[in-house]
Amino acid sequence: MRDKSWIALGLCGLTIALLGQPERASAGGMFGSDANACTSGRGPAILVNVLGLKDRQGQVKLELYPDNPDDFMRSDTDLLTAGKVFRRVTVATPETGAVSLCIKVPHPGRYALLMLHSRRAQDKFDVFADGVGLRSNARIGRARPSVDAATVAVGSGIVSLDIHTQYLHGLGGFSPMR
């Protein structure tokens, strides 16, 4: 009887440890809590194929913002408190294979989309370690990314994008891996 209680206690501990953790991505599939929106073809949603990761550490995130300069990359708490659009999908970076994430949007329209590679799996962006990507795939350099480079028009279906990850390269700023 004691052995069964230890097993039950262990399973409870494992369940508690997994709650709140990003979804574990496995190689070659579609990832994220919104994956069903893309696999079922029921939109509106954005499917992002993440390209050019520096390594397979940490997490990959998609963040959806309103399509305007004042709200792009603003605090999620501030946006949600003001009743504005904000959505985040986070997955543990898969060890191998393609990385495709899906994020639902509230309704057809224009949104700003930011892709982040948090190599240390932290909430705060580390400019010296983490990667970033935008819909336009234009080199970011040393400037703050513009909302125009991140804007995505979404209809009632699924919009598919390839986003190339950019990392800091010395004084030249952010650019794709060489």
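General remarks:
- Flag if residue 115 is in contact (Cβ under 8 Å) with a residue 40 or more places away in the chain, assigned to a loop (DSSP other than H, G, I, E, B) and surrounded by 13 or more Cβ atoms within 10 Å (Cβ to Cβ): no
- Any hit, the stretch 118-133, residues being within 19 Å of residue 160 (Cβ to Cβ) and either in a strand (DSSP E or B) or in contact with a helix residue (DSSP H, G or I) (Cβ under 8 Å, 6 or more places away or on another chain) (or both): yes
- Selection within the stretch 149-167 - not aliphatic (A, V, I, L, M) and not in a strand (DSSP E or B): 155, 156, 157, 165
- Restricting the stretch 147-174 to residues that are among the polar types (S, T, N, Q) and within 18 Å of residue 63 (Cα to Cα) leaves a set whose member that is most open to solvent (accessible area, probe 1.4 Å) is 160.
- Meets criteria (open to solvent by 80 Å² or more (accessible area, probe 1.4 Å), under 21 Å from residue 66 (Cβ atoms) and either out of contact with any Gly (no Cβ under 7 Å at 6 or more places or on another chain) or not hydroxyl-bearing (Ser, Thr, Tyr) (or both)) for residue 144: yes
- Residue 126 vs. criteria among the charged types (D, E, K, R) and modelled with pLDDT of 95 or more: no
- Residues located in the stretch 134-148, provided they are in contact (Cβ under 8 Å) with a residue 60 or more places away in the chain, of a type in the set (A, V, I, L, M, F, W, C) and either part of a loop (DSSP other than H, G, I, E, B) or more than 22 Å from residue 46 (Cβ to Cβ) (or both): none
- Matching strands (runs of 3 or more DSSP E) fully within the stretch 50-107 where at least 1 residues are charged (D, E, K, R) and either open to solvent by 60 Å² or more (accessible area, probe 1.4 Å) or farther than 17 Å from residue 33 by Cβ (or both): 87-92, 99-104
The values are calculated or read from the model by the stated rules, or taken from the named source; none is laboratory data. If you're wondering where the values come from, they're calculated on a predicted model, not measured in any experiment. No Cβ is skipped: glycine too gets one built from the backbone with ideal geometry, and neighbour counts run over all protein chains shown. SASA here: full protein model, heavy atoms, side chains in, ligands and nucleic acids out. Shrake-Rupley method; radii C 1.70, N 1.55, O 1.52, S 1.80 Å.
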